[in-house]
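All of the numbers you see were taken from the coordinates with simple rules; none came from a lab. Just so it is clear, the structure is predicted and the values come from calculations on it, not from any experiment. All Cβ positions, even for glycine, are placed from backbone atoms using ideal geometry, and neighbour counts span all protein chains on display.
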Amino acid sequence: MNKRYADGVTPAAALNARAEVASQVKEARKEVHLTQQNLADLTGTQKSNISRMESGRYNPSLDFLVKVASSLGKELTIKIQ
């Protein structure tokens, strides 16, 4: 995870963004009454990847996030402020 940064430390902004995404995915999954395994099956990944993403320990690709959102019946929206 930290390999992307020269000093090996992930900036707080990146950690905060990852935590926000994790929270939103978990909330959306619960809204549609899916388990982590259900979501993993729908997205074609392993349950451990969903678990790591929801805990903020996984830095998912944009393509994967689009797939997760679609599997939840949602649309991914990114806002840069």
- Message: Against the conditions (1) surrounded by 11 or more Cβ atoms within 10 Å (Cβ to Cβ); (2) farther than 22 Å from Ser70 by Cα; (3) of a type in the set (A, V, I, L, M, F, W, C), where does Ala12 fall short? Just the number, please.
- Response: (1)
- Note on the structure: In the range 59-81, residues that are closer than 25 Å to Ala13 by Cα and either part of a helix (DSSP H, G or I) or within 10 Å of the chain's Cα centre (by Cα) (or both) total 11
- Message: Of everything in the range 43-58, what is surrounded by 16 or more Cβ atoms within 10 Å (Cβ to Cβ) and either assigned to a loop (DSSP other than H, G, I, E, B) or out of contact with any Phe, Trp or Tyr (no Cβ under 9 Å at 6 or more places or on another chain) (or both)? Give them in sequence order.
- Response: Thr45, Glu54, Gly56, Tyr58
- For the range 26-57, what are the residues that are touching a residue at least 24 places away in the same chain (Cβ under 8 Å) and within 17 Å of Ala14 (Cα to Cα)? Met53, Glu54, Ser55, Gly56, Arg57
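Which one of these is over 21 Å from Gln81 (Cα atoms), among the small types (Gly, Ala, Ser) and surrounded by 15 or more Cβ atoms within 10 Å (Cβ to Cβ): Ala28, Ala22?
Ala28
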